[in-house]
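Chemist: Below is the structure I would like to discuss, written out as structure tokens.
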Amino acid sequence: MSFDEELERTLDVLTDRLREDVARQVRAVAGELAELAAAARAERDAVVPPAPEPPSIVPAESHPLPETLAAGIRALTAARSLSEILDILVQESAHAASRVAVVRVRGAGFQGWRSHGFDAAVFDLTEDEAGVIREAVETCAPASNAGAPVFANLAAGEPCLALPLAIGGRPVAVLYADTVLGPASADHLEILALHAARCLEALTAIKATRHLIAPAEYDEAEAHA
């Protein structure tokens, strides 16, 4: 077996192990969230008797957060390209916030990639227009105190959230959300963003390794992908 084949097999084994570890972690997180939700309901019911609820129509896209979080983690783990990871992140984040967008870091500014709930799907931002997005990039940490970006058209003081996606400690994109559906939803978004960043980092490392091993074959494969 050639060195290339041995390394390829090693990468496949490591990737399979990563998927198994992530699946176990997701199941554990989903179980903990479900237990917390059940405990909170029991505590509330013990203090205040539940009032009869009128019949309501639940939107088709509404699902319990633990289930959608697990589905989102699985979808991100299975993604096979950087753009697919970002697209899935927007899609899955829409379960936890009415308006979400992924914004790429472009030099001294920012560029919209995909969004949900906004009129404009593609937009450019200067640093002065970016608000919490700029703060998230500068601190490489979740940001919520620097005001909404201009494309959001939020009133002053309206809550919003920006979560950086970093590769090697350097933010390359940001998940922005407003009209977040509560504290559990904010945690949901942060977990998705963190896992998306790890998927971006892992896929970038694998592609870089393959390119170093066999650049000509890799470039040809990418051209036909």
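Chemist: Spot the failing condition for residue 112; the list is (1) small (Gly, Ala, Ser); (2) loosely packed, with under 15 Cβ neighbours inside 10 Å; (3) assigned to a strand (DSSP E or B), and only one is missed.
Modeler: Unmet condition: (2).
This table checks each residue for (1) of a type in the set (Val, Ile, Thr); (2) out of contact with any strand residue (DSSP E or B) (no Cβ under 6 Å at 6 or more places or on another chain); (3) more than 22 Å from residue 185 (Cβ to Cβ).
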residue	(1), (2), (3)
80	no, yes, yes
83	no, yes, yes
102	yes, no, no
130	no, no, yes
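Chemist: Still on this model: When you look at residue 192, is it within 20 Å of residue 75 (Cα to Cα), part of a strand (DSSP E or B) and either at pLDDT 95 or above or acidic (Asp, Glu) (or both), yes or no?
Modeler: Working: within 20 Å of residue 75 (Cα to Cα): yes; part of a strand (DSSP E or B): no; either at pLDDT 95 or above or acidic (Asp, Glu) (or both): yes.
The answer is no for residue 192.
Chemist: Which of the residues that make up segment 168-189 are surrounded by fewer than 24 Cβ atoms within 10 Å (Cβ to Cβ), in a helix (DSSP H, G or I) and of a type in the set (A, V, I, L, M)?
Modeler: So the first thing to find is which residues in segment 168-189 are surrounded by fewer than 24 Cβ atoms within 10 Å (Cβ to Cβ), and the list is 168-172, 178-187.
Those still in the list that are in a helix (DSSP H, G or I) too: 183-187.
Passing the criteria: 184, 186.
Chemist: Suppose the filter is out of contact with any Asp or Glu (no Cβ under 7 Å at 6 or more places or on another chain), more than 22 Å from residue 76 (Cα to Cα), aliphatic (A, V, I, L, M) and surrounded by fewer than 22 Cβ atoms within 10 Å (Cβ to Cβ); does residue 156 pass it? Outline the logic, then answer.
Modeler: Details: out of contact with any Asp or Glu (no Cβ under 7 Å at 6 or more places or on another chain): yes; more than 22 Å from residue 76 (Cα to Cα): yes; aliphatic (A, V, I, L, M): yes; surrounded by fewer than 22 Cβ atoms within 10 Å (Cβ to Cβ): yes.
Yes.
Conditions tested, residue by residue: (1) part of a strand (DSSP E or B); (2) at pLDDT 90 or above.
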position	(1), (2)
36	no, no
41	no, no
49	no, no
69	no, yes
74	no, yes
88	no, yes
103	yes, yes
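Chemist: Would you please name the residue that is surrounded by the most Cβ atoms within 10 Å (Cβ to Cβ), looking only at residues in segment 135-153 that are assigned to a loop (DSSP other than H, G, I, E, B) and of a type in the set (Gly, Ala, Ser)?
Modeler: Filtering segment 135-153 for residues assigned to a loop (DSSP other than H, G, I, E, B) gives 140-142, 144-149, 153.
So of that shortlist, the ones also of a type in the set (Gly, Ala, Ser) come out as 141, 144, 146-148.
Numbers: 141: 13, 144: 18, 146: 17, 147: 17, 148: 23.
Only one residue fits best here, namely 148.
Chemist: Out of 132, 103, report the one residue that is among the β-branched types (Val, Ile, Thr), touching a residue at least 24 places away in the same chain (Cβ under 8 Å) and either out of contact with any helix residue (DSSP H, G or I) (no Cβ under 8 Å at 6 or more places or on another chain) or surrounded by fewer than 19 Cβ atoms within 10 Å (Cβ to Cβ) (or both). Working first, answer last.
Modeler: On the way: 103 fails: either out of contact with any helix residue (DSSP H, G or I) (no Cβ under 8 Å at 6 or more places or on another chain) or surrounded by fewer than 19 Cβ atoms within 10 Å (Cβ to Cβ) (or both).
Testing whether each residue is among the β-branched types (Val, Ile, Thr), touching a residue at least 24 places away in the same chain (Cβ under 8 Å) and either out of contact with any helix residue (DSSP H, G or I) (no Cβ under 8 Å at 6 or more places or on another chain) or surrounded by fewer than 19 Cβ atoms within 10 Å (Cβ to Cβ) (or both) leaves just 132.
Chemist: Any idea how many residues of segment 141-159 are more than 15 Å from residue 115 (Cα to Cα) and either in contact (Cβ under 8 Å) with a residue 40 or more places away in the chain or under 16 Å from the mean Cα position of the chain (by Cα) (or both)?
Modeler: 3
The values are calculated or read from the model by the stated rules, or taken from the named source; none is laboratory data. These numbers come from a predicted model, not from an experiment. Heads up, the Cβs are rebuilt from the backbone with ideal geometry, glycines too, and the neighbour counts pull from every protein chain shown.
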